[in-house]
1. State yes or no: is residue 220 of a type in the set (Gly, Ala, Ser), within 30 Å of residue 134 (Cα to Cα) and either at pLDDT 85 or above or in contact with a strand residue (DSSP E or B) (Cβ under 7 Å, 6 or more places away or on another chain) (or both)?
2. Go through region 715-749 and give me each residue that's surrounded by 16 or more Cβ atoms within 10 Å (Cβ to Cβ) and among the polar types (S, T, N, Q).
3. Every residue in region 580-589 that is modelled with pLDDT of 80 or more and either closer than 21 Å to residue 149 by Cβ or open to solvent by less than 40 Å² (accessible area, probe 1.4 Å) (or both), please.
4. Given the options 252, 234, name the one that is crowded, with 21+ Cβ neighbours inside 10 Å and within 33 Å of the chain's Cα centre (by Cα).
5. Out of the residues in region 508-557 meeting the condition of being free of Cβ contacts under 8 Å to residues at least 24 places away in the same chain and among the acidic types (Asp, Glu), tell me which one is most open to solvent (accessible area, probe 1.4 Å).
6. Output the residues belonging to region 507-555 that are under 30 Å from residue 630 (Cβ atoms) and either among the acidic types (Asp, Glu) or in contact with a helix residue (DSSP H, G or I) (Cβ under 7 Å, 6 or more places away or on another chain) (or both).
7. Here is a list of conditions, (1) over 20 Å from residue 462 (Cβ atoms); (2) at pLDDT 75 or above, and residue 348 meets all of them except one; can you say which number that is?
8. Between a first residue in region 334-346 that is closer than 23 Å to residue 239 by Cα and a second residue that is open to solvent by less than 50 Å² (accessible area, probe 1.4 Å) and not in a helix (DSSP H, G or I), which pairs have beta carbons less than 6 Å apart while being 6 or more apart in sequence or on different chains?
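The values are calculated or read from the model by the stated rules, or taken from the named source; none is laboratory data. It should be emphasised that the depicted structure is a prediction, and the values quoted were computed from it without experimental measurement. No Cβ is skipped: glycine too gets one built from the backbone with ideal geometry, and neighbour counts run over all protein chains shown. Please note that ligands, DNA and RNA were not included when accessible areas were found on the heavy atoms of the full protein model with its side chains. Shrake-Rupley method; radii C 1.70, N 1.55, O 1.52, S 1.80 Å.
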Amino acid sequence: MKRLVVGILAHVDSGKTTLSEGLLYSAGEIKKLGRVDHGDSFLDNDSIERNRGITIFSKQALIKLSQDVEITLLDTPGHVDFSAEMERTLQVLDYAILVVSGSEGVQSHTETLWRLLEKHNIPTFIFLNKMDLVWKERFELVEELKNIFKDNFVDFSNKRDQGIYEESIATCDEKLLEEYITTGNINEKALKKAIFERKIFPCYFGSALKLEGVDQLVQALRDLTFENDYSDEFGAKVFKIGRDSQGNRITFMKVTGGILKVKDIINGEKINQLRIYSGQKYSTSDQVFPGQIVAATGLINSYPGQGIGMEIDSESELLEPVLTYKVEIPSGSDPHTVFKKLKQLEEEEPKLYLSWNDHLSEIHVKLMGEMQLDIIKTLIKQRFDLDINFGMGNIVYKETIANVVEGIGHFEPLRHYAEVHLLMEPMEPGSGLTFDTLCSEDILDKNWQRLIISHLEEKNHVGVLTGSAITDMKISLVLGKAHKKHTEGGDFRQATYRGVRQGLMAAESVLLEPWYYFSLCVPSENVGRAMADIQGMSGTIDPPETDGDMSIIHGKCPVYEMRGYQNLINNYTKGKGRLSCVLDGYYPCHNAEDIIEKIGYDPESDIENTSDSVFCQGGSGFIVKWDKVRDYMDLESYMDSIKDCEELDSNINNSIKTQNLKEISESELNEIFEKTYGKIQRRSNIGSKIVKPKKEDSFSYSPKSTPTFQGPEYLLIDGYNLIHSWQELKEMAIVDFGAARDALIDILCNYQGVKQCQLIVVFDAYKVKGNKGSVEQVRNINVVYTKEAETADMYIEKVTHKIGRNHKVRVVTSDGLEQLIIMGHGALRVSSKAFEQEVMDLEKDIREYISSL
């Protein structure tokens, strides 16, 4: 059986619920047509919905189109304040019906809905409703859709001229056009595929109230849709949490693979009952198949957007609230008790975003708009018999950073210990928060690292300008230290939280505010006024577009400035103007100084989000302020070690630029290095004790942050330098330089065959005019010829700087300056003479081995 989930979406008052009634009636699922204004519609059955005459909660109904086609119809809210409820249903849709009022045309929220359908890649049928009230021709309405949405809309309702109809379809897709030219008709399977791939958007016209055009839409859903090819492996996607009249928690989900049965265990929780809802009523089932929507009881920890089984969690939603309100509770009520009750509603309405302000002992809530406030008040009264009010709405701000910093947190009261270093980097707008670890397991055990990442993820970290949530940055664990006896999990939680705050205090913070992407349609005589308004509100605009006697302006503007602007538009356009807004993202605040001063947040007084660290001395802990933590920390700074490597080239050049270095001894190298950087100390790893170097070590300096090498060892060789240092090859080069180079390559191929390293030999070609450089694979080694104006030294420096922190790298050269530079990049230097001896010893070992066979 073909089972489909079809969502029906529209701008408020476009006739969406009326069309739902028509679809149910035409399919024989209901015997009588209900009406929204009469309060007897099949799907708007909640008392709040019937009192207000609008859809607030998404509902479902089963429609059996034929013996082998079954549709679950999801009716979604049309009002913008409840669009979060609508967006959650999109993640489980196979197809969508977008209802557009023929009399009103494309309205403000219609554009938002189209963006969401596009984001979720949902194939969509268009129903232009209220055609009994329209004076425009059908082709004009289709052209309007094409002009606004820039997609392929085709009138499917009138097939009297089959040739024109099929030509309109064929021009939407190259494959369809090719088939039409070849065969003279359109194959139905190819047409269904084009609709499924969103290459064509079929348009139907009618009046849902009068049941005109509804049968055609029903037929299209039956004949022009694909049956999903579901996997045998179990999977499901949760899209809604609700409660029944007895207060039982219900998890609404779509089964996307396998079979779900009663008593199945989902993430450690048992399914008690499976309900198939249609309107208010439901039937129970022992098992549910792919493509069905089911309401399961028994799941306590489920949440909207959760992926179960083979399904993954949904991405973040496009819509999010930008207004925050203080919840004013009745006198004598306990705020903590009220907050706990309200958290139940947050499960059902995740966009509620409840938060508890410890400092003020207040409940705060984020919502989409003022109508949602009234609905929440009514729900709380019904559910908990509480009369609440809301304070003045404020903009929801966020914070980020403008520079890279290292946040350091240390927590060491008596018999506790943890230190964490976090690299905090600014990211692109809209990227949110990402967490990673760059820390070696040699430095900190993997289990501790996982714990630190979980602590980063679990907390709502706030910034230091206004106490708003932080965003658009990457936080990476780079260093950490635990004590064998005294470290507990809670120690790393404290160190992690403090590390984030210490980094934010040290960084250049940026206040972000929400910006709308808007589309403003006004009469052309008002376009100058509109543009001046937007610019005065610190917005940006694109050049206006003209559509008849109307002008359309697109742009971006701070939400703060656009509050109430629709009312102003109605006044100066005499009701003809139309404003459509959707959250575009968070960008730097246009009046940051005023907002920061108005909020008056003091980060150092925020005890719940302290940036200070705790150290231990004399058997007791003491507080160290955030700006003094570096003076007490146990681990060496990660960023300082990076800077040391990056600044090595210039520091060495400044200190020895007057010297003409040839091959120099190990002690001379050390002397120059210590003059620049101080006494050399070798560490087995960060935070460990100093250890004596072993005799076989082939280098004299180890960077402050000793990396854990990954993958194969790299050996880089300055080819011409080695030839001139190797007596046998040098003599050969006097006669034939090419022969000496080939002989060296043969020697190196044999060497690599035994050592199994990544061997790169580099030859200078910097004096060759127009040479672009080349890399050749000669048997088992890489041979590099540098480009014009690039020496072998320059190439080797670049490569060692790039790979020296993650791979063991040895460089063979007798150039004194080059030896110093590659040491600073973390590579091991080997003189040409030492490498020649190494090759000779290797060949001797090979000969002895062969002789023993």
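1. Here the answer is yes, as residue 220 does meet what is asked.
2. Correct list: 721, 725.
3. Once the filter is applied, which keeps residues that are modelled with pLDDT of 80 or more and either closer than 21 Å to residue 149 by Cβ or open to solvent by less than 40 Å² (accessible area, probe 1.4 Å) (or both), region 580-589 yields 584, 585, 586, 589.
4. Numbers: 234 fails: crowded, with 21+ Cβ neighbours inside 10 Å.
Within the list 252, 234, the selection yields 252.
5. The residue in question is 525.
6. Hits for region 507-555 are 508, 511.
7. All conditions pass for residue 348, except number (2).
8. Once the first residue is closer than 23 Å to residue 239 by Cα and sits in region 334-346, its partners that are open to solvent by less than 50 Å² (accessible area, probe 1.4 Å) and not in a helix (DSSP H, G or I) give 342/354; 346/354.
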